[in-house]
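Down below is the structure, laid out as structure tokens.
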Amino acid sequence: MHDMGGCKYTGLEKDYSIEDLAAFHGHLGPYIVLGYRMGRYVRKYFCSDPFRMIAAVYCSGTPPQSCIADGVQIGSGCTLGKMNIELIVSDELKCEFTSGGKRLVVRPKPIKFPPKGDHHYSELIEELAVEMYRMDDTELFIVGAN
């Protein structure tokens, strides 16, 4: 872990907007929103220090599921650069966070995607992401110790 001493740009808190998420990720989709909301939840209720937390993102390992990792990074502060996040290929979609010997597992609730054959699919996906951004945490995921 890094000792940041009296650095003034350490420990900054920020709620990211839909536009911020889209700018970071390149577009707005359900999985970046889901990951962001999970990461934000964990940072608020589990560990506020991204230097003392490790995230493990379990997913298919390919887009769109792997996009959850981008959201977890921006929400939790666990990043590839700090090497405190990893992507683990799995049939189960979940995120595990550890800090100080404690562990928290966040599992998404099922997402109701629009039909893929719809010629407005991209717009419907974006609308779903906006809707998810505004949902309560309890509508998006389940939190537990395992």
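The values are calculated or read from the model by the stated rules, or taken from the named source; none is laboratory data. Note that the coordinates shown come from a computational prediction; the quantities given were computed from them, not determined experimentally. As a convention, Cβ positions derive from the backbone with ideal geometry for all residues, glycine included, and neighbour counts pool all protein chains shown.
Evaluation of residue 8 against the conditions (1) of a type outside the set (A, V, I, L, M, F, W, C); (2) under 30 Å from residue 146 (Cα atoms); (3) assigned to a loop (DSSP other than H, G, I, E, B); (4) free of Cβ contacts under 8 Å to residues at least 24 places away in the same chain shows that the sole unmet condition is (2). For region 57-70, the criterion of being surrounded by 15 or more Cβ atoms within 10 Å (Cβ to Cβ) and in contact (Cβ under 8 Å) with a residue 60 or more places away in the chain is met by no residue.
Inside region 64-118, residues that are touching a strand residue (DSSP E or B) at 6+ places or on another chain (Cβ under 6 Å), hydroxyl-bearing (Ser, Thr, Tyr) and not in a loop (DSSP other than H, G, I, E, B) make up a count of 3.
Does region 14-54 hold any residues that are assigned to a helix (DSSP H, G or I) and among the acidic types (Asp, Glu), and which are they? The answer is 19, 20.
Out of all the residues in region 110-126, is one or more touching a Ser or Thr at 6+ places or on another chain (Cβ under 9 Å) and either in contact (Cβ under 8 Å) with a residue 60 or more places away in the chain or not aromatic (Phe, Trp, Tyr) (or both)? Scanning region 110-126, I find no residue that is touching a Ser or Thr at 6+ places or on another chain (Cβ under 9 Å) and either in contact (Cβ under 8 Å) with a residue 60 or more places away in the chain or not aromatic (Phe, Trp, Tyr) (or both), so the answer is no. Got at least one residue in region 135-146 being part of a strand (DSSP E or B) and either without any contact (Cβ under 8 Å) to a residue 12 or more places away in the chain or closer than 19 Å to residue 16 by Cβ (or both)? Within region 135-146, one or more residues are part of a strand (DSSP E or B) and either without any contact (Cβ under 8 Å) to a residue 12 or more places away in the chain or closer than 19 Å to residue 16 by Cβ (or both). Only one of these is surrounded by 11 or more Cβ atoms within 10 Å (Cβ to Cβ) and closer than 16 Å to residue 30 by Cβ: 96, 127. Name it. None of the other options fit; the residue is 127.
Here is a yes/no grid of residues against (1) closer than 14 Å to residue 107 by Cα; (2) modelled with pLDDT of 95 or more; (3) touching a helix residue (DSSP H, G or I) at 6+ places or on another chain (Cβ under 7 Å); (4) surrounded by 19 or more Cβ atoms within 10 Å (Cβ to Cβ):
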site: 20; (1), (2), (3), (4): no, yes, no, no
site: 43; (1), (2), (3), (4): no, yes, yes, yes
site: 47; (1), (2), (3), (4): no, yes, no, yes
site: 52; (1), (2), (3), (4): no, yes, no, no
site: 72; (1), (2), (3), (4): yes, yes, yes, yes
site: 75; (1), (2), (3), (4): no, yes, yes, yes
